[in-house]
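Heads up, the thing below is written out as structure tokens.
The values are calculated or read from the model by the stated rules, or taken from the named source; none is laboratory data. These numbers were taken from a predicted model, which means no experiment stands behind them. Cβ sites come from the backbone with ideal geometry, for glycine too, and all protein chains shown count toward neighbours. Note: areas computed on protein heavy atoms with side chains; ligands, DNA, RNA excluded. Shrake-Rupley method; radii C 1.70, N 1.55, O 1.52, S 1.80 Å.
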Amino acid sequence: MSAQNNTREPILKVEHLTKHFIIKGKGNLHAVDDVSFEIMPNETLGLVGESGCGKSTVGNVLMRFFPETAGSVFYKGKDWLKMSGFKKKELRRDIQMIFQDPYSSLNPRKTIWSILSEPFVIHRLCKKSEIDTKVRELMDTVGLETYIQELFPHELDGGKRQMVGIARALALNPKFIVCDEPVSSLDVSVQATIINLLVKLQKEMELSYLFISHDLSVVRHISDRIVVMYLGQIVETAEKNELFLNTLHPYSIALLSAVPTTSFEAEKTRIVLEGDVPSPLNPNPDCCRFAPRCWMAQEKCFNESPMLDDVGAEHCVACHYWRQSKQRAKV
Amino acid sequence: MADELLRIENLSVEYHVGVKVSNAVNKLDITINQGEALGLVGETGAGKTTTALSIMNLLPKRISFITSGNVYYRGKSMMEMSEEQQNAIRGEKISMVFANPLSSLNPLFTVGHQIALAYETHYKVSKAASRKRAAELLKLVGIADYRIDDYPHQLSGGMRQRVGIAAALACNPELLICDEPTTALDVTIQAQILELMKNLQKEFNSSLLMITHNLGIVAEMCQNVAIMYGGATVEHGSVREIFTHPMHHYTKGLLNAIPKLEGQTAALESIPGLVANALDLPGGCRFHPRCAYCTEECKNELPHLMTISDEHYVRCWNVEGIK
């Protein structure tokens, strides 16, 4: 198994994934536009962006909650989005999801036991008599006490509920988990517990994560590589430290500078973006989508949409003027 | 010594939930001076919002009771004032920005009307004059004034929150209470709002009570900070002093629990256990069941407020041990 990992064959390969929603009378909402990335085994890919930039849509399309408009997703070389029937169900075991809101993602009418036993029942992975032990093992891995299995979700606090959500995702021994903002609705002290748990589980079970979040500091903590999205497109992708130390895209620079920190050492220059995130309805294909809010936009930006260019060291950026962005930001 | 604007003294608030009693705030002391920005930090259920509501005397009637203490505004007790006297202060001298802009604005009225309302009520001016003031305020918070006749649902989340701020600023209040003003917003929008509030605070020399669970916001916005746990402050002082030399184990835990944007990524320290339940508060130091340095003394007796320096006060029995 580990020998295979060394060959660096991606576990998940997303190619030109596009998702448009048709809104009656208004046109096409470009939620995700031509997004490509790879996730290696045992790696965490962080997906950052503001609300409405399409990061959750990427996760949902990967889970096949709704169909893609174009593009393909290869899981271990197999075309996952084209699969159906038995093969699809079999692969489902490998691809699981942890949801954002632990309050609405657990069925309020079921006990924790029946929530956690459901994956085994649906996939018929073990005998009925074994389910009890399986559920107990599962609760053990995430560190839930056994008495909780008789309770209902409303009797647990947010952190415990999220642990149940994680346990459910782990039930079928997945290889790849989509984590859609798993800690954003939790208090800081509980958030740390959940993050530590996710890191520990990744080591123990050789998991790969797609970690979707709007919180840059959380993403930095947990990810190996990071993808920054803006209005349905990838604007920058790089290895974690490279992205944080050598930020090139003007949007990423602004996003990083906007995070309030508790450190007093570095005097920060803050770039405050003007206006709101524009609507992704019918965007102009010949204009950089960030240009209307960009602090260094020039004429070219409004006439030509930039491509995602490799600038070396596996660092890709979609901006015409990335060479100048760093110096400009310091002024 | 700056002028004292607001003093909360020995405040205790109870909520009666059925037959149970929830001690939301316990003997809280807070002072805010003229021009000062104070951050009130704590997790869910620490009693932050209850504190804010009791300053404004907006606690839900019948189920909440102020059992002890008092709130003094410029030396005058708010609790002993008549309803009219309170109304004269609320909205004019002290105003509040609420957490969720979607639920704090009335969907049936235009934003211009809602901003103008406070101005009209307090200064008894004509409709035209208050409308002019509303347009001014909208411009001040960075919204084009042609949107004055828009309804809240026509605005984005960031704009709605700016409308909330504009309404709170209508009468140039001396104290602005912000209850989690940016939790519902994106980081870039949050940066806009914080920048706006910083500028306005400088311009009008008003005081700010910033209620939040985000330590980063406090570090950027405030000079002083009070950390709340179980309905009382456990540590307070200047932001720089407290964030660089935290003394209380809860403060330390909070600071270590947030992932950093700089430096090495080590495993996060989480605080074991759960936030103290206001329905069943532990005796002694409220934090002792979760504290790694807990002693017998901590379990039995509430620690006194210890003075570390002029800028640093802490409520913990083991301060010497920490050093």
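Observations on the structure shown:
- Index of the failed condition, residue B:132 passing every other in (1) open to solvent by 30 Å² or more (accessible area, probe 1.4 Å); (2) closer than 21 Å to residue B:89 by Cα; (3) without any contact (Cβ under 8 Å) to a residue 40 or more places away in the chain: (2)
- Residue match in segment A:267-284 (condition: within 14 Å of another protein chain (Cβ to nearest Cβ) and modelled with pLDDT of 90 or more): no
- Filter result (out of contact with any His (no Cβ under 8 Å at 6 or more places or on another chain) and open to solvent by 40 Å² or more (accessible area, probe 1.4 Å)) within segment A:290-301: A:292, A:295, A:299
- Looking across segment A:145-172, just one residue is outside any helix (DSSP H, G or I), within 14 Å of chain B (Cβ to nearest Cβ) and not charged (D, E, K, R), and that is A:156.
- Taken as a whole, the condition of being without any contact (Cβ under 8 Å) to a residue 24 or more places away in the chain and more than 20 Å from residue B:138 (Cβ to Cβ) applies to residue B:244.
- Matching residues, segment A:229-253, being touching a residue at least 24 places away in the same chain (Cβ under 8 Å) and part of a helix (DSSP H, G or I): A:240, A:242, A:243, A:244, A:250, A:251, A:252, A:253
- From the options B:282, B:272, residue that is within 13 Å of chain A (Cβ to nearest Cβ), farther than 18 Å from residue B:40 by Cα and surrounded by fewer than 21 Cβ atoms within 10 Å (Cβ to Cβ): B:272
- Annotation: residue B:201 fulfils all but one of (1) open to solvent by 20 Å² or more (accessible area, probe 1.4 Å); (2) within 19 Å of the chain's Cα centre (by Cα); (3) under 19 Å from residue B:111 (Cα atoms); the unmet one is (3).
- Residue among A:68, A:90, A:38 that is among the charged types (D, E, K, R), without any contact (Cβ under 8 Å) to a residue 60 or more places away in the chain, in contact with a strand residue (DSSP E or B) (Cβ under 9 Å, 6 or more places away or on another chain) and not in a loop (DSSP other than H, G, I, E, B): A:38
- Flag for residue A:226 being open to solvent by less than 10 Å² (accessible area, probe 1.4 Å), assigned to a strand (DSSP E or B) and either hydrophobic (A, V, I, L, M, F, W, C) or at the interface with chain B (Cβ under 7 Å from one of its Cβ atoms) (or both): yes
- Looking across segment A:302-314 at every residue that is outside any loop (DSSP other than H, G, I, E, B) and under 28 Å from the mean Cα position of the chain (by Cα), the one that is surrounded by the fewest Cβ atoms within 10 Å (Cβ to Cβ) is identified as A:310.
- Residue within segment A:47-65 that is of a type in the set (D, E, K, R), open to solvent by less than 20 Å² (accessible area, probe 1.4 Å), touching a strand residue (DSSP E or B) at 6+ places or on another chain (Cβ under 9 Å) and closer than 27 Å to residue A:199 by Cβ present: yes
- Filter result for residue B:188 (of a type in the set (Val, Ile, Thr), closer than 30 Å to residue B:165 by Cα, more than 15 Å from the chain's Cα centre (by Cα) and within 9 Å of chain A (Cβ to nearest Cβ)): yes
To keep it simple, each residue is scored yes or no on (1) more than 8 Å from chain A (Cβ to nearest Cβ); (2) open to solvent by 40 Å² or more (accessible area, probe 1.4 Å); (3) of a type in the set (Lys, Arg).
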site	(1), (2), (3)
B:236	yes, yes, no
B:242	yes, no, no
B:258	no, no, no
B:263	yes, yes, no
B:276	yes, no, no
B:292	yes, yes, no
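- As a summary of the residue check, residue B:246 satisfies the conditions (1) within 17 Å of residue A:264 (Cα to Cα); (2) within 12 Å of chain A (Cβ to nearest Cβ); (3) under 25 Å from the mean Cα position of the chain (by Cα); (4) open to solvent by 30 Å² or more (accessible area, probe 1.4 Å) except for the one numbered (4).
- Verdict on residue A:212 being over 10 Å from the mean Cα position of the chain (by Cα) and either more than 25 Å from residue A:112 (Cβ to Cβ) or β-branched (Val, Ile, Thr) (or both): no
- Filtered residue count, segment B:2-31, keeping only those that are part of a loop (DSSP other than H, G, I, E, B) and either touching a residue at least 24 places away in the same chain (Cβ under 8 Å) or touching a Leu at 6+ places or on another chain (Cβ under 7 Å) (or both): 2
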